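Computed from the coordinates by the stated procedures, all read-outs in this text should not be read as laboratory data. What you are looking at is a predicted structure, and each value in this text was computed from that prediction instead of being measured. Note that we place each Cβ from the backbone using ideal geometry, even for glycine, and neighbour counts take in every protein chain shown.
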Amino acid sequence: TQAGCSSQSLGVLEKKPIKSRVKNLDAIWFGEHYLQTWYFSPYPQEYTEARVIYICEFCLNHFISEKQFERHCKKCTIRHPPGNEIYRDGEISFFEIDGARQVTYCQNLSLLSKLFLDHKSLYYDLIPFMFYIMCRSDAYGFHIIGYFSKEKNSVEHNLACILTLPHFQRQGYGRLLIEMSYELAKIENKIGTPEKPFSDLGLLSYQKYWQEIIIEVLHRYHQFHGGEITIEEISEKTYIAQRDVLYTLHTLGIGSYQGQTAIRLTDAMIVMSKNKKRRIDRSKLDWTPPV
Ligand code: 1VU
């Protein structure tokens with residue numbers, strides 16, 4: 001039997017957050033990967049009794065037994081997330097998915113991501129969110145690496161939640177997800193900030209991204225114009241909110257030098273800002289903001 005998630009078992013109609021509880025699964029088989037879980041996720045109880053479950057990496061449906069999973073894999077014809085492909089650069093693609101339309105997929109994605117996220121409550125009302133799924137393609141299909149969600153009508157936030165699946169972490173993909181969220185914000189012409197609170201890893205990733213981008217802007221500005229640049233100008237150039245710019249300048253060691261507020265850019269900082277593993281190529285992004 002194929003196991004989706006009924007709206008009742010998930011409490012879709014209740015808008016209550018699921019509180020963190022004791023970890024209820026030890027591990028998942030995700031496609032061909034065996035992943036140790038980190039946190040509680042509200043999979044239906046019959047699944048969690050198994051302690052290890054099987055998840056189809058394409059449709060994200062979950063199964064209690066290996067046999068059920070194998071039967072499913074023989075039948076499942078899905079090879080990419082169920083939305084529009086908005087970006088492709090070589091083997092990397094992004095798909096845009098509407099939480100109001102692809103309800104089962106987005107519920108399954110939320111259940112899966114909760115296994116690796118503890119600092120946020122999981123809400124089942126997915127209608128207000130869009131999901132941007134990043135995949136790596138090969139001859140077999142589009143394999144999910146991670147995603148970020150974005151509230152459709154948020155005036156403040158350019159990203160709600162971000163995840164790189166554990167077997168893809170520390171390879172520059174989180175940075176790519178963050179960069180994409182800012183590229184979308186540029187097209188919308190909205191300066192924004194990620195929703196808080198951050199997890200420890202979320203904060204580290206954003207700190208690194210903001211530092212790279214702001215050092216790049218300061219270095220270029222210094223080369224071509226010299227003189228002073230305001231926080232507002234940095235924000236307008238990068239679409240990073242002013243308070244995040246200010247926070248980042250503090251992490252970079254802004255201080256008072258000869259009576260002026262300034263920052264000392266070292267060669268190491270400049271090299272760090274240029275040394276990116278992966279980048280979004282904006283010319284390959286085909287996106288208009290959803291109405
Ligand atoms: O690898 P670099 O040093 O060049 O850059 C890294 C590093 O500076 C930092 N970083 C880390 N530093 C120390 N230890 C770590 N384990 C670590 N992980 C990241 O971030 C830079 C970027 O690294 P990346 O591009 O390789 O990022 P990942 O693909 O590993 O993805 C980062 C996230 C945060 C998405 C990933 O760790 C993850 O999914 N964690 C679990 C879920 C989570 O905590 N999500 C963030 C929630 S906060 C939120 O959603 C509110 C916006």
Report, to the nearest 10°, how far helix 103-114 tilts away from the longest principal axis of the Cα atoms in the chain, using its own Cα long axis and a range of 0 to 90°.
70 degrees
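Considering Cα pairs under 8 angstrom that are at least six residues apart, work out the relative contact order of the stretch 71-192 and quote it in whole percent.
On the way: 178 pairs, mean separation 23.6, N = 122.
Relative contact order of the stretch 71-192: 19 percent.
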The alpha-carbon pair-distance distribution computed for the stretch 90-141, with 5 angstrom bins and whole-percent values, is 5, 18, 24, 22, 19, 10, 4, 0
With angles folded into 0 to 90 degrees, how steeply does helix 242-251 sit against the dominant principal axis of the chain? Use alpha carbons for both and round to 10.
80 degrees
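Could you pull out the GluC sites (Glu not before Pro) across the stretch 190-291 that fall in loop regions by DSSP (anything but H, G, I, E, B) with no more than 10 other Cβ atoms inside 10 Å? Provide the component values of the computation, followed by the final result.
Numbers: sites: GLU195, GLU212, GLU216, GLU228, GLU232, GLU233, GLU236; in loops: GLU195, GLU228.
Answer in residue order: GLU228.
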For the chain, state what percent of all Cα-Cα pairs lands in each successive 10 Å bin, counting from 0 Å until the bin that includes the largest distance.
6, 26, 33, 21, 10, 4, 1, 0
Helix-derived mean residue ellipticity, 222 nm - over the chain, DSSP H n ≥ 4, -39500 (n - 2.57), to 500:
-10000 deg cm²/dmol
Pop out the ³J(HN,Hα) list for the stretch 33-42 in order, Karplus 6.51 cos²θ - 1.76 cosθ + 1.60 with θ = phi - 60°, rounded to Hz; leave Gly and Pro as x.
9, 9, 10, 5, 8, 10, 9, 5, 9, x
Quick one: of LYS237/LYS274; LYS150/LYS237; LYS23/LYS75; LYS152/LYS274, which pairs are farther than 24 Å apart, Cα to Cα?
LYS23/LYS75; LYS152/LYS274
Max mean-square fluctuation residue, GNM over the chain, Cα-Cα springs under 10 Å, options ILE213, ILE162, ILE240
ILE213
Cα centroid separation, the stretch 235-291 to the stretch 38-72 (Å):
41 Å
For the stretch 51-112, listing trypsin sites (Lys or Arg not before Pro) in a DSSP loop whose Cβ sees at most 16 other Cβ atoms within 10 Å gives ARG51, ARG79, ARG101
Once the convex hull of the C-alpha atoms of the stretch 141-239 is built, how many Å³ does it hold per residue, rounded to a whole number?
129 Å³
Normalised by the number of residues in the chain, what is the relative contact order in percent for Cα pairs under 8 Å and 6+ residues apart?
14 percent
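Hey, could you get me the Stokes-Einstein D for the stretch 161-215, Kirkwood radius over alpha-carbon pairs, 37 °C and 0.692 mPa s, rounded to whole µm² s⁻¹? Please list the in-between numbers first.
Details: Rh = 11.9 Å.
My calculation gives 275 µm²/s for D.
Compute the convex hull volume of the Cα atoms of the stretch 45-190, divide it by the residue count, and report the result per residue in Å³ as a whole number. Spell out each step's value before the answer.
Details: hull volume 18.6 nm³, N = 146.
Roughly 127 Å³ of hull volume per residue.
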May I ask for the angle, rounded to the nearest 10°, between helix 200-224 and the longest principal axis of the chain, with both axes built from Cα atoms and the value confined to 0 to 90°?
30 degrees
Compute the distribution of all C-alpha to C-alpha distances in the stretch 215-287, in bins of 10 Å from 0, and list the percent of pairs in each, rounded to whole numbers.
16, 46, 30, 7, 1
Looking at the stretch 50-145, which GluC sites (Glu not before Pro) are DSSP coil and have at most 12 other C-beta atoms within 10 Å of their C-beta?
GLU91
